[in-house]
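The structure under discussion appears below in the form of structure tokens.
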Amino acid sequence: MSKYQFVQLGTILVKEGMINERQLQDALDYIKRNPGKRIGQVLVEQGYLTELNVLSALGMQLGFETVDEESLIRIERDVVRLIPEPFAAENNVIALARDHNMLKVVMEDPDDVILIDNLKKITKCDIVPVMATNKMINLAIDRHYKELKIEGQVNTTLQGVEFVGANEEEGSVDLNTLENLNDEAPIIKFVNMMLREAIKDRATDIHIEGLDNSTLVRYRIDGVLHEIMKPPKKAQNAIVSRIKILADLNIAERRLPQDGRFTMKFGEREVDVRTSILPTVTGEKIVMRLLDKKSFSLSLLNLGFDEDMLAIFRKWISLPYGIIIVSGPTGAGKSTTLYSSLVEVKSTEVNITTVEDPVEYQIEGINQVHCLPKVGLTFASALRSILRQDPDILLIGEIRDLETADIAVKFSLTGHLVFASLHANDAPATITRLIDIGIPEFLVGSSLNMVVAQRLVRKICSNCKEPYIPKQTELEALRLTEAEASKINFMHGKGCIHCRNTGYQGRNALFEILEVNRHVRRMIFARKNQDEIRDEAIRTGMITLRESGLRKMKQGSTTVQEVIKTTYEE
């Protein structure tokens, strides 16, 4: 029996120190003016309590255990299956844990004897009620039964299908059969489902790879891979062949890497899928990059620039000529920044042309060229033709070699504004990389206006954000003293159903802007190394990637761990 069994909820909240007498009286006065409201609901609405506080007090009053979101996230699928989804959704209940014949079931009203009796008949177990909020239970039902549906669809779709080909030892598939499959064929249904779920989950990439006894499918969400499903090992080659057909690749070639692309429609959305296939010892691995053209609004305001850095960026992209380079590793968001820059400077008065491989976002009013090396349309050949197209602004998807870099420099020195991306570790290293490609120092210094190094960090999930006390090793890694740390409100996400228990949802960009001013230009002409250029840039006000990350951390946007993982301090 609970010590608070016959005590009113408001009194319990005061005795447990969750609210004070004045706050309770405010809520009671509000209820007098608005009959029908519950005390817990009013206290939450007034901001005195959270729903979890009220849940905890109700548990004390009724004598039942309460559960948190983390417990709801970690439920095993076999336990969830004990209660059919229609019954769970209708009654807002979900199985939590089983111990022999005892089954813990999460519900809003643990005193509902009729519901408990029905659960006992359905599960053939003795029911132990535990409590959670309505919202928590709904989210848990949505997540876990969705995963069960995916697992069930995989099993149902591939059940009874024989993946036998001409060479059983190599696990071949009948290519003629695959090419002639109709839309109801199991493999087609499976691949469609996999793509559809990836788009729903905001995935940027799908990885399909062979294991010893199964096939692993993972989605990259907010920069991190998550295991989603494990089709049978025998299905691997059939899945690969189906994707090859979609991407117009050679389904008979299994020894060499292949690259292709296709477009799929999802409702009113159109998603480009770039496909890369790599032979491995466990079979061909596929990585599909998903480019959802409508998922992101191309604007500099959406990228995560601080006000002072945005002002600098806008100053340089508004100049009539010169080169602006965005550098960083693959997947750092360089293309998005470049496209947003074009949207910013676009007008009917200028002719903007891009050369890309591939064109990731189509922008109205901009002439975009998609390179096709197979037919001879390379970066270099396209750029030579564009010289005769009277361009004002040019975007080069990536500077890859001396020929491309040389054309970019010549464009900028003849009165054109050039945007480009380049793979480099930071802004000063980008200058070194251009010289390493073969551009003379005097041309690099004369043509370059600005270099922007970029990284992506995960944003803290707004649904489970809470204060965080960093470890001493973390403070040392960030070179923060205890006095400096005491002035920062460190935050992190504890993990919840909304963010797959990661504590993060969405991403933001960090920037390092190197302005090629008179001092930096002289250093380039004098063949100074990147460390000397970096020191001079910092002396004249450059914000490094680490400092940009610290800004985001102090704003409560990201975590200590993300800043340490994504940036470094020399």
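Remarks
- Largest first, the residues ASP109, ASP292, ASP390 sort by 1.4 Å accessible area into ASP390, ASP109, ASP292.
- Pairs of alpha carbons in region 270-355 whose separation is greater than 16 Å (percent): 66
- Cysteines, the chain, no other Cys beta-carbon under 4.7 Å: CYS125, CYS371
- Taking 0.36 nm per residue of separation and subtracting the Cα-Cα distance, full extension of the segment from ARG521 to ASN489 would add 7.6 nm.
- Neighbour net charge for ILE564 - beta-carbon separation under 13 angstrom, K R +1, D E -1: +3
- Cross-linked pairs LYS124/LYS230; LYS315/LYS528; LYS149/LYS334: Cα-Cα separations exceed 32 Å for LYS149/LYS334.
- Listed pairs LYS15/LYS37; LYS120/LYS234; LYS15/LYS459 exceeding 28 Å between Cα atoms: LYS120/LYS234; LYS15/LYS459
- Within the assembled protein chains, the solvent-accessible surface assigned to THR133 is about 20 Å², based on a 1.4 Å probe.
- Cα long-axis angle, helix 402-413 against the chain (0 to 90 degrees, to the nearest 10): 80
- Computed from the C-beta positions of HIS423 and ARG74 and an R0 of 56 Å, the FRET efficiency is 0.90 to the nearest 0.05.
- Residue-count net charge about TRP316 - beta-carbon cut-off 15 Å; Lys, Arg +1, Asp, Glu -1: 0
- Label-point separation in nm, THR414 to ARG479, each point 7 Å along Cα→Cβ: 4.5
- Whole-Å distance, taken between Cα centres, linking region 457-477 and region 351-382: 41
- Restriction of the GluC sites (Glu not before Pro) in region 294-380 to DSSP coil positions whose beta-carbon has at most 12 other beta-carbons within 10 angstrom yields GLU349, GLU364.
- For GLY506, the residues whose amide H sits under 5 Å from its own are LYS459, ignoring neighbours fewer than 5 places away on the same chain, with H placed 1.01 Å from N.
- When THR66, THR123 are compared by accessible area of protein heavy atoms, the largest-first order is THR66, THR123, using a 1.4 Å probe.
- Full-extension gain in nm, LYS120 to ASP99, via 0.36 nm per residue minus C-alpha separation: 6.1 nm
- Loop trypsin sites (Lys or Arg not before Pro), region 305-398, which have at most 13 other Cβ atoms in a 10 Å radius of their Cβ (DSSP): none
- Förster radius 41 Å - calculated FRET efficiency between GLU569 and ARG81, Cβ distance, rounded to 0.05: 0.25
- Antiparallel content of DSSP bridges confined to the chain, in %, to 5: 65
- Angle between the chain longest axis and helix 113-123 axis [Cα atoms, degrees, rounded to 10]: 60
- Whichever aspartates and glutamates have a C-alpha closer than 20 Å to that of LYS471, once near sequence neighbours (fewer than 8 apart) are set aside: GLU482, GLU484, GLU547, GLU562, GLU569
- Taking label points 7 Å from Cα along the Cα-to-Cβ direction, ASN138 and ALA311 give a separation of 4.5 nm.
- Overall, the chain carries a charge dipole of about 600 debye about its Cα centre when +1 sits on the Cβ of Lys and Arg and -1 on the Cβ of Asp and Glu, all other atoms neutral.
- Förster radius 51 Å - calculated FRET efficiency between GLU65 and ARG269 (Cβ-Cβ, nearest 0.05): 0.75
- Using a simple spin-label model with pseudo-atoms 7 Å out from Cα toward Cβ, ILE363 and HIS498 lie 3.2 nm apart.
The values are calculated or read from the model by the stated rules, or taken from the named source; none is laboratory data. Keep in mind the model is a prediction, meaning the values are calculated, not measured. Cβ atoms come from the backbone with ideal geometry, glycine included; neighbour counts cover every protein chain shown. Quick note on the areas: whole protein, heavy atoms, side chains included, nothing else; ligands and nucleic acids left out. Shrake-Rupley method; radii C 1.70, N 1.55, O 1.52, S 1.80 Å.
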